[in-house]
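*Asks:* This structure is in structure tokens; I'll ask about it shortly.
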Amino acid sequence: MKRKAIIATAGAAVVGALIYVGGLWAQSSVPSVPAKPAAAPRTKIALLNLTYVITYYGKYQAYKEEMKGLAKPFEEKIKAKQAELEVFRKEATNPATQPTRVEEITKQAKTLQFEMEGISTDAKSVLAKKAENQMVELYKEVVSAAQRYAVSHDFDLVLQFNAPIEKDAYYTAGNVERLIGAGALIPIHYSKENEISYDVLTALNAAYRPAGPAASAAPAAKGLGAN
């Protein structure tokens, strides 16, 4: 009987130990999942003056020269027609010119004006499409350069805006009217450290290799908060 009591006591102790160890095992094998630490708020924003970048981009300057070359033949034709009109005007206003001749001159002048309108229409159809394609290409390149710069410099957001290049031109009636009516996000104060216009422009000009002379040097962009 005493032996059985000892065995029972020992058995109870073993069971109790197993339950205790099992509890520890359960706690150690299935730890509670710690809560995910909250990420610190972070938004790094950059600003890009599109007017500044495109104006001083070497490819844009090359495009302007190309457009001048394309427009020149049309301009010369119109100038020649204008010279003819001037000759007719002088003849028609001469008191010695007979009325019948004035009437003839008037008809010829109308024909010249009609021809000039045709030349102008042809010029627009040729030059407008070319200019559209050029601006689309330039904008795509600026956006691509800005995206690469943002990724390499850890910017989360890049906002483009258009501001006059000349500082004195900012507070002019035309520009103020444009700013008020734009209805878009327009920075009115920021530090120059937030503007990446000059850096993006430098990257674009470095990648662009013109066949002719190098692009003119651009002045450093200035943030509104660093005047």
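*Asks:* Has the stretch 68-86 got any residue that is within 19 Å of GLU137 (Cα to Cα) and outside any loop (DSSP other than H, G, I, E, B)?
*Replies:* Looking for residues that are within 19 Å of GLU137 (Cα to Cα) and outside any loop (DSSP other than H, G, I, E, B), one finds at least one in the stretch 68-86, hence yes.
*Asks:* Read through the list (1) in contact (Cβ under 8 Å) with a residue 60 or more places away in the chain; (2) in a helix (DSSP H, G or I), then give the number of the only condition that PHE155 fails.
*Replies:* All conditions are met except number (2).
*Asks:* Right, next: Cβ-Cβ below 7 Å, separation at least six or inter-chain, first residue in the stretch 122-135 and within 11 Å of TYR63 (Cα to Cα), second assigned to a helix (DSSP H, G or I) and among the hydroxyl-bearing types (Ser, Thr, Tyr): which pairs?
*Replies:* Taking only residues 6 or more apart or on different chains, the pairs are GLN134/TYR63.
*Asks:* Separate question: (1) over 13 Å from LEU48 (Cβ atoms); (2) surrounded by 11 or more Cβ atoms within 10 Å (Cβ to Cβ): which one isn't true of SER152, the others all being true?
*Replies:* Tallying (1) over 13 Å from LEU48 (Cβ atoms); (2) surrounded by 11 or more Cβ atoms within 10 Å (Cβ to Cβ), SER152 fails exactly one: (2).
*Asks:* Also, quick follow-up: What number of residues in the stretch 191-204 are part of a loop (DSSP other than H, G, I, E, B) and closer than 16 Å to ALA150 by Cβ?
*Replies:* The number of residues fulfilling the criteria is 1.
*Asks:* OK, next. If you take the residues in the stretch 155-199 that are surrounded by 12 or more Cβ atoms within 10 Å (Cβ to Cβ) and among the hydroxyl-bearing types (Ser, Thr, Tyr), which one is farthest from ARG42 (Cα to Cα)?
*Replies:* Here the residue is THR172.
*Asks:* Are any residues in the stretch 161-177 among the charged types (D, E, K, R) and either part of a loop (DSSP other than H, G, I, E, B) or at pLDDT 90 or above (or both), and if so, which ones?
*Replies:* GLU166, GLU177
*Asks:* Looking only at the stretch 48-86, which residues are β-branched (Val, Ile, Thr) and under 24 Å from THR121 (Cα atoms)?
*Replies:* Across the stretch 48-86, the qualifying residue is only ILE78.
*Asks:* If you don't mind, another one. Could you check the stretch 178-190 and list, in sequence order, the residues that are assigned to a helix (DSSP H, G or I) and either in contact (Cβ under 8 Å) with a residue 60 or more places away in the chain or farther than 24 Å from TYR63 by Cβ (or both)?
*Replies:* Residues satisfying the conditions are LEU179, ILE180, GLY181, ALA182.
*Asks:* Could you go through the stretch 136-154 and let me know if any residue there is of a type in the set (Ser, Thr, Tyr), over 30 Å from LEU204 (Cβ atoms) and out of contact with any Leu (no Cβ under 6 Å at 6 or more places or on another chain).
*Replies:* For the stretch 136-154, residues of a type in the set (Ser, Thr, Tyr), over 30 Å from LEU204 (Cβ atoms) and out of contact with any Leu (no Cβ under 6 Å at 6 or more places or on another chain): absent.
The values are calculated or read from the model by the stated rules, or taken from the named source; none is laboratory data. All values derive from a computational prediction rather than experimental measurement. With ideal geometry, Cβ positions are generated from the backbone for all residues, glycine too; neighbour counts draw on all protein chains shown.
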